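Worksheet for the structure shown next.
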Amino acid sequence: MENDIKKYYFSESLAKEVGVEEAIMFSNIYFWVTLNKRKKSERHFYQGKYWMFNTVLEFKEQYSFWTVATIRRILTNLQKKSYIETGRFNKHGYDKTKWYTITEKAFVVVENDKDFVETVNSLSEEQPTNTR
């Protein structure tokens, strides 16, 4: 049972700006974007920025306590508040998987939250095997 416990990290300063749910989702996107940047992943580099990708259903697998509608709302809120950008860089036109990156505005907010940045950096050093 202990292995079933997941920990979620988020920036307190970002949570004050956009809400806790949005801060939790943002931390996932931030983690993958910064990991892809650190690895200099050409697969994730478009328009001069590093990106990560996920479908809403994949996010639902990661956050089983949220509904699909909640996930869409959270992502929309982050985009409306200019903390993330979305794009489509899939090889096939029928692939509707969205790609996400962090805006400069968001980087400024979280880079001032040293505890958050240090936590994310230490987690990404564990080198996850899959890439998003």
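The values are calculated or read from the model by the stated rules, or taken from the named source; none is laboratory data. Note that this is a predicted model, so its numbers are computed, not measured. Reconstructed Cβ throughout: ideal geometry from the backbone, glycine too, with neighbour counts over all protein chains shown. All accessible areas refer to the heavy atoms of the entire protein, side chains included, with ligands and DNA or RNA removed. Shrake-Rupley method; radii C 1.70, N 1.55, O 1.52, S 1.80 Å.
Name the residue, out of 33, 20, that is open to solvent by 20 Å² or more (accessible area, probe 1.4 Å) and at negative phi.
20
Please list, ordered by first then second residue, the pairs with beta carbon atoms under 7 Å, 6 or more apart or interchain, first in the range 93-106 and within 9 Å of residue 52 (Cβ to Cβ), second modelled with pLDDT of 90 or more and β-branched (Val, Ile, Thr).
Short answer, once both residue conditions are applied: 99/86; 100/29; 100/84; 100/86; 101/33; 101/84.
For the range 62-83: of the residues being free of Cβ contacts under 8 Å to residues at least 24 places away in the same chain and under 18 Å from residue 99 (Cβ atoms), which is farthest from the chain's Cα centre (by Cα)?
The qualifying residue farthest from the chain's Cα centre (by Cα) is 80.
Can you pull out the residues in the range 59-88 that are outside any helix (DSSP H, G or I), of a type outside the set (S, T, N, Q) and farther than 15 Å from residue 29 by Cβ?
65, 88
For the condition farther than 22 Å from residue 113 by Cα, at pLDDT 95 or above and surrounded by fewer than 16 Cβ atoms within 10 Å (Cβ to Cβ), what is the one hit in 46, 94?
The conditions single out 46.
Given the residues 70, 86, which is the only one that is at pLDDT 95 or above, β-branched (Val, Ile, Thr) and surrounded by fewer than 15 Cβ atoms within 10 Å (Cβ to Cβ)?
Result of the check over 70, 86: 86.
If residue 53 satisfies every condition in (1) more than 18 Å from residue 109 (Cα to Cα); (2) assigned to a loop (DSSP other than H, G, I, E, B); (3) under 12 Å from the mean Cα position of the chain (by Cα) but one, which is the exception?
Failing condition for residue 53: (2).
Enumerate the pairs (first residue in the range 14-38 and under 11 Å from residue 101 (Cα atoms) and of a type outside the set (Ser, Thr, Tyr); second residue anywhere and modelled with pLDDT of 95 or more and in a helix (DSSP H, G or I)) with beta-carbon separation below 7 Å, excluding pairs fewer than 6 apart on the same chain, so at least 6 apart or on different chains.
26/78; 36/44
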